[in-house]
Each structure stands twice: as C-alpha cells, then as structure tokens.
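Peer 1: One structure, pasted below without further comment.
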Amino acid sequence: MAFETIIVDVEDHVALIKLNRPDALNALNSQLLSELCTALDEADANDKVRCIVLTGSEKAFAAGADIKEMSEKTYVEVFTENLFGEVGDRVAAIRKPIIAAVSGYALGGGCEMAMMCDFIIASDTAKFGQPEINLGVIAGIGGTQRLTRFVGKSKSMDMNLTGRFMNAEEAERSGLVSRVVPAKKLIEEATAAAQKIAEKSQLTAMAAKEAVNRSYELTLNEGLLFERRVFHSMFATEDQKEGMAAFLEKREAQFRDK
Ligand code: CAA
C-alpha cells in the first residue's frame, strides 16, 4: 500500500517505519495513525520481517497528537469516534518485537507512541514530555499510565503536572529508555539491535515479548506461573532442541521458527 505520512523500508528482516510529516514535526493526525497501524499489521504479517523499528526525524520522533486536527472537536465527537481509543490496542496486538528509535521531540502522543513499543533506544538529543496540561487536557494514550509504570509516580506526576521535558540522560536514568546513542548513529544502532533480535527464533522472541508484557497485567505469582508455562512449552519446539544442541556443540544455532 502507498503511504503519504510514513515511509516503510524492509531490509535484512527488519521493517523500518519512519513517521514522515516534517512540516508538523510528525504530529499524529488520523491519517498518520491509520497508515501506521496498517504498516504495523503488514509488517507483522510479512514473513520477511522479524523485527520492526519505528522512528521519526532527527528533530522529532513525534511532537504529539495533531493539535490543529483536534482543537475544534467537541466532547460528543471525541467520545463518539473514540479518539485515540484504537491505536493502543492495534499496537499491542502486534506480535513481532517493535523498537522505538527516538531522536528529538517525543511529546504527548509521541512519547506515548514510543512507550507503546517494546523498548526505546534514544539519541542523545531526545526530549520526552507529557505537555498536554499546557493545552488544557491530560494525556490520552498512556501518558499518565504507562509513564508511571516506567518512571514511578513522582517523576510521572512531575512530567504530567509541570509539562517539563526529560532529556535522554534523565530518561535512561529513570528507566524510560533502554540505551542512549549518539544522534548520528541512532538508526544504525536501532537497526543493529533489531537484526540481533531477527537472528533469534521468532517463536521464542514472540513468546518472550508476550511474557514480559504479561508482567504489566498480572500479580507476581500469576506472572511467574504464566512465564513457567510458556518456558515449559518451548520444550515442544525444534528451536529449543537446536539452541541447546548448538551450545553444547559450540556452534551457532540455526533456528527455523519451529
Ligand atoms: N500538532 C500540530 N502541529 C504541530 C504540533 C502538534 N502537536 N507540534 C508541532 N506542530 C507544528 C507547528 O504548529 C509548526 O507548524 P507551522 O510551521 O505550520 O506553524 C511546526 O510543527 C513546527 O513547530 P514549531 O514552530 O512549534 O517548532 P519549534 O521548534 O519552535 O517547537 C515544539 C517545537 C516544542 C515541539 C513545539 O512545536 C510544541 O510545543 N509542539 C506541541 C507539543 C505538544 O503540546 N504535544 C502534545 C499534543 S496533545 C497530545 O498528544 C494528546 C495525547 O496525549 C493524545
């Protein structure tokens, strides 16, 4: 499918999805969100793709939901159309790993979009924030919920109540991002991480993603039980036999996703 607000490039088992509305700092309007969800679905269904990288431009991953598009909407309209209600579910339904590669502004819906991915690699220029309070609203796609789970109540309150931005160093220190890399190397590093994941058994990578995500929903004991059941189930796969045999034979594993 031809997209107008994103660019998709599939190479070496990695789908690189680039948000591309430079004039609006990649503000998330309805067209971009719809195209992004379609591209993610297509990447998830594409046998050639084993990992997805979501990125923006050097200046902005995304500066939030499109303020121009929503400023005149009424309560009845946003409630009826369930504004931003679908995107979280659509991203959560993607079973292949998704890395957010964030440079520049990741604000409001942009920060929330990055947090919907499985982990965030940030450039040293990244700035994260939930400045919705300055617009007379609160975050609407996870900024009060996911951010709190990432960085804890105190910092989340600080971000959501003052609207201040967090730089890359603070974001890494707070557990929001997994690593910080020089801006010029962001795509290279994120793609390398994606290729590392692509080398694993896809079956196992999807199971690991599922298990980590369950930790958000379950009590510790329920989560540990879920994890153990999935761990046990891996012994029904050929990839478990291959992975362990390769270790014992001191060679690289040849996973076949079986
Ligand atoms: N929506 C629509 N357009 C946006 C936008 C947004 N979120 N963010 C930036 N733009 C547009 C600007 O209007 C401007 O367009 P024009 O040239 O046509 O005027 C263009 O992008 C460049 O922006 P600036 O001139 O403002 O660039 P800057 O470098 O001076 O500032 C910035 C950059 C600090 C990111 C500033 O643009 C900004 O504060 N943006 C808004 C951030 C924000 O409030 N995000 C939250 C949105 S609400 C939300 O996301 C709700 C939710 O949880 C779902």
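Peer 1: Do you know which residues across segment 153-177 are surrounded by fewer than 21 Cβ atoms within 10 Å (Cβ to Cβ) and β-branched (V, I, T)?
Peer 2: The one that is surrounded by fewer than 21 Cβ atoms within 10 Å (Cβ to Cβ) and β-branched (V, I, T): T162.
Peer 1: Restricting to segment 71-114, and then to whatever is crowded, with 24+ Cβ neighbours inside 10 Å and assigned to a loop (DSSP other than H, G, I, E, B), can you tell me which residue is nearest to the ligand (Cβ to nearest atom)?
Peer 2: Selected residue: G108.
Peer 1: Looking at segment 116-123, is at least one residue near the ligand (Cβ under 8 Å from one of its atoms) and either more than 12 Å from the chain's Cα centre (by Cα) or not hydroxyl-bearing (S, T, Y) (or both)? If you could, list the steps in order and put the result at the bottom.
Peer 2: Quick first cut of segment 116-123, residues near the ligand (Cβ under 8 Å from one of its atoms) only: none.
No, because not a single residue in segment 116-123 is near the ligand (Cβ under 8 Å from one of its atoms) and either more than 12 Å from the chain's Cα centre (by Cα) or not hydroxyl-bearing (S, T, Y) (or both).
Peer 1: Can you pull out the residues in segment 13-38 that are assigned to a strand (DSSP E or B) and away from the ligand (no atom under 14 Å from the Cβ)?
Peer 2: Result: V14, A15, L16, I17, K18.
Peer 1: Looking at (1) surrounded by 13 or more Cβ atoms within 10 Å (Cβ to Cβ); (2) within 27 Å of G152 (Cα to Cα); (3) assigned by the TED database to the domain that holds S123; (4) out of contact with any Cys (no Cβ under 9 Å at 6 or more places or on another chain), find the lone condition where A193 falls short.
Peer 2: Against the list (1) surrounded by 13 or more Cβ atoms within 10 Å (Cβ to Cβ); (2) within 27 Å of G152 (Cα to Cα); (3) assigned by the TED database to the domain that holds S123; (4) out of contact with any Cys (no Cβ under 9 Å at 6 or more places or on another chain), A193 comes up short only on (4).
Peer 1: For the condition in a strand (DSSP E or B), charged (D, E, K, R) and surrounded by fewer than 17 Cβ atoms within 10 Å (Cβ to Cβ), what is the one hit in D41, D9, D47?
Peer 2: Matching residue, one of D41, D9, D47: D9.
Peer 1: Among (1) in contact (Cβ under 8 Å) with a residue 40 or more places away in the chain; (2) assigned by the TED database to the domain that holds M116, which single condition is E170 missing?
Peer 2: Condition not satisfied by E170: (1).
The values are calculated or read from the model by the stated rules, or taken from the named source; none is laboratory data. This one's a predicted model, so the numbers in the text were calculated from it and none came from an experiment. Heads up, the Cβs are rebuilt from the backbone with ideal geometry, glycines too, and the neighbour counts pull from every protein chain shown.
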